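Read through the structure below, which is laid out as C-alpha cells, and then see the notes.
The values are calculated or read from the model by the stated rules, or taken from the named source; none is laboratory data. Note that this is a predicted model, so its numbers are computed, not measured. We place every Cβ from the backbone using ideal geometry, glycine too, and count neighbours over all the protein chains shown. These area figures cover heavy atoms from the full protein model, side chains too; ligands, DNA and RNA do not enter into them. Shrake-Rupley method; radii C 1.70, N 1.55, O 1.52, S 1.80 Å.
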Amino acid sequence: QVQLVESGGGLVQAGGSLRLSCAASGSIFRIGSMGWYRQAPGQQRELVASITRGGTTNYADSVKGRFTISRDNAKNTAYLQMNSLKPEDTAVYHCTASLVLRDYWGQGTQVTVSS
C-alpha cells in the first residue's frame with residue numbers, strides 16, 4: 001500500500017506564496033509521474049501541474065509563470081511552489097502519483113487566498 005500526504009496549505013493574502021509538499025510512503029518501488037490537481041467548491045477537479053520522473057513538467061494555462069512543480073526522487077516527494085496567488089486559486093489541492101499498477105491520491109490540503 002502507498003500513502004500520499006500533502007502539507008503546506010493554508011490561508012494567504014492575494015499576491016502571497018505557499019509551498020505544498022507531497023510525501024509518498026509505503027510499498028514503493030518506483031514512482032512515475034507525480035502531479036497536483038485542485039478542486040474548488042462546485043467545480044470539477046482540474047490538473048494544476050505534473051512532472052515526470054525525468055523532470056519534464058506540464059502546467060495549466062491559469063498557473064503558468066506563477067507555479068513551479070518539482071520533485072525529489074530520493075525522497076519520493078513532490079513540491080508545488082505557488083507565487084502571486086489569486087483568490088481564484090482557492091481550492092483543495094490533491095497530490096497524485098503514478099506507480100506500476102495504479103495511481104494514488106492524497107487526501108488534499110486546503111489553500112485559501114483572500115482578496
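Does at least one position in the range 87-98 carry a residue that is in contact with a strand residue (DSSP E or B) (Cβ under 9 Å, 6 or more places away or on another chain), open to solvent by 60 Å² or more (accessible area, probe 1.4 Å) and touching a residue at least 12 places away in the same chain (Cβ under 8 Å)?
There is at least one residue in the range 87-98 that is in contact with a strand residue (DSSP E or B) (Cβ under 9 Å, 6 or more places away or on another chain), open to solvent by 60 Å² or more (accessible area, probe 1.4 Å) and touching a residue at least 12 places away in the same chain (Cβ under 8 Å).
In the range 16-32, what count of residues is obtained for those that are touching a Lys or Arg at 6+ places or on another chain (Cβ under 8 Å) and open to solvent by 50 Å² or more (accessible area, probe 1.4 Å)?
Final tally of qualifying residues: 1.
ARG66 passes all but one of (1) touching a Ser or Thr at 6+ places or on another chain (Cβ under 6 Å); (2) touching a residue at least 24 places away in the same chain (Cβ under 8 Å); (3) surrounded by fewer than 17 Cβ atoms within 10 Å (Cβ to Cβ); which number fails?
(2)
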